[in-house]
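The values are calculated or read from the model by the stated rules, or taken from the named source; none is laboratory data. Every value quoted in this text rests on a predicted model; they were computed, and no experiment measured them. Every residue, glycine as well, gets a Cβ built from its backbone with ideal geometry; the counts of neighbours run over all protein chains shown.
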Amino acid sequence: MSASFTGVSVVSGTGELCPCAELLTDTNADYGYHLLAVQDYTATKRATPTGQSINSRPFIVGDHEWYIRYFPNGDKPSCADFISLYLCRLIDDDDDDSDDEDETVEAKFSFSFIDQIEKHKPVYIPGTKTYSFSRSETSQGNDKFTRKDVLEQSRNMKCGGFNIRCDVIVCNTEVAATLPHDICQHFNNLLQTKVGADVMFDVSGETFAAHRCVLAARSTVFMAQLFGPMKEGTTTSSVIQIKDMDATIFSTLLSFIYTDSFREMEKDDMEEDEAQAVEEEDEMRLQWLQDLFAAADRYDLRRFKFICEKHWSEEVHVSSVGSTLALAEQHHCHGLKEACLRFIQAQSLSCLQRIMETNGWKYLIMTNPSVLNELITKLASNQRK
């Protein structure tokens, strides 16, 4: 995977962009990089107060327009000693009816100095975190990219200025296709027999044998961990420790990687005895789905995330919708969030009262009060209908 050059934005000492010839780029490229060249850093810093940004020229990656926001003195007072950098998705506010503009776009990105060659290698960016860009959340970035005093004394400062490279990978909006049946069968045989296994995982005290090539082929995070810059002594004889994940969750994750199928929670996993209440079983299943989703997000298994989110959406009920909506906001699950809002929208007044009495709803109000605005809009729309 190689990045397409999408152009350069040159910032003058007055904080304005220098005129330059417009560069055409392949709009079908899902991986591109843009350069931000700051010519006179001292003058730019002097002319731009804290909270004020200088924006790059728009550039296209993955059929979407983007731009960089550069804050010479930080984006807020608490970051005044730092440079802040943000990647923003450009959305036309005049086109409110456009379905394309309203969609959530998932992308990976990285800011680096032009001389940080190791961060420009094709294996580096796929291993970074995936972010969601929507109409309500168009900007993601780093409010403390680098301290100004450190930058001013570093070798990245040349001739009074510096150059920033922004790499962007737009994730395919379609859910990844399933693996062919014969490949799944072959991988499942490898998983069961352990033939050729060359990496071991110790997950909360339970050991799992796996094949690093299979893991790397299915997950960019495993690729970076086992073969790329995240590799930390993961030799054939080493055991990778994972202490913050339940062994059953990792087992289900591993099963999906090899078989491309979603393994349902076993009855023995859901209850300790036959007398366990159905409500408790539902709570355990919700927790199980939440942990599975977090694991899929951790290893950037996008198809598995989609499946978990779909199952999660089907489990929404009065007692859990508040906590589920809070988690949907936390993990940027647009589909799950919409399912929760539609569920609430369809409830009677008595059910709404029960929802508002749950601990999950109270937690949602404390942590994400902005969700109320969206809910009120939907309820008002329902009333008009």
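For A328, state whether it is under 15 Å from the mean Cα position of the chain (by Cα), modelled with pLDDT under 85 and among the small types (G, A, S).
Answer is yes for this residue.
Within the stretch 56-72, being assigned to a loop (DSSP other than H, G, I, E, B) and surrounded by 22 or more Cβ atoms within 10 Å (Cβ to Cβ) holds for S56, P72. The residue that is farthest from V38 (Cα to Cα), counting only those in the stretch 150-173 that are among the charged types (D, E, K, R) and in a strand (DSSP E or B), is D167.
Residues that are touching a helix residue (DSSP H, G or I) at 6+ places or on another chain (Cβ under 8 Å) and touching a residue at least 24 places away in the same chain (Cβ under 8 Å) do not occur anywhere in the stretch 59-69.
Kindly indicate which of F306, F293 is outside the structural domain of T248 (by TED's automatic domain parsing) and either modelled with pLDDT of 85 or more or assigned to a loop (DSSP other than H, G, I, E, B) (or both).
F293
Scanning the stretch 221-278 for residues that are assigned to a helix (DSSP H, G or I) and charged (D, E, K, R), we see that the one that is modelled with the lowest pLDDT is D269. Comparison of Q140, Q116 shows that the only residue that is under 29 Å from K76 (Cα atoms) and modelled with pLDDT of 90 or more is Q140. Taken over the stretch 97-108, the residue count meeting the criterion of being at pLDDT 50 or above, outside any strand (DSSP E or B) and not β-branched (V, I, T) is 2.
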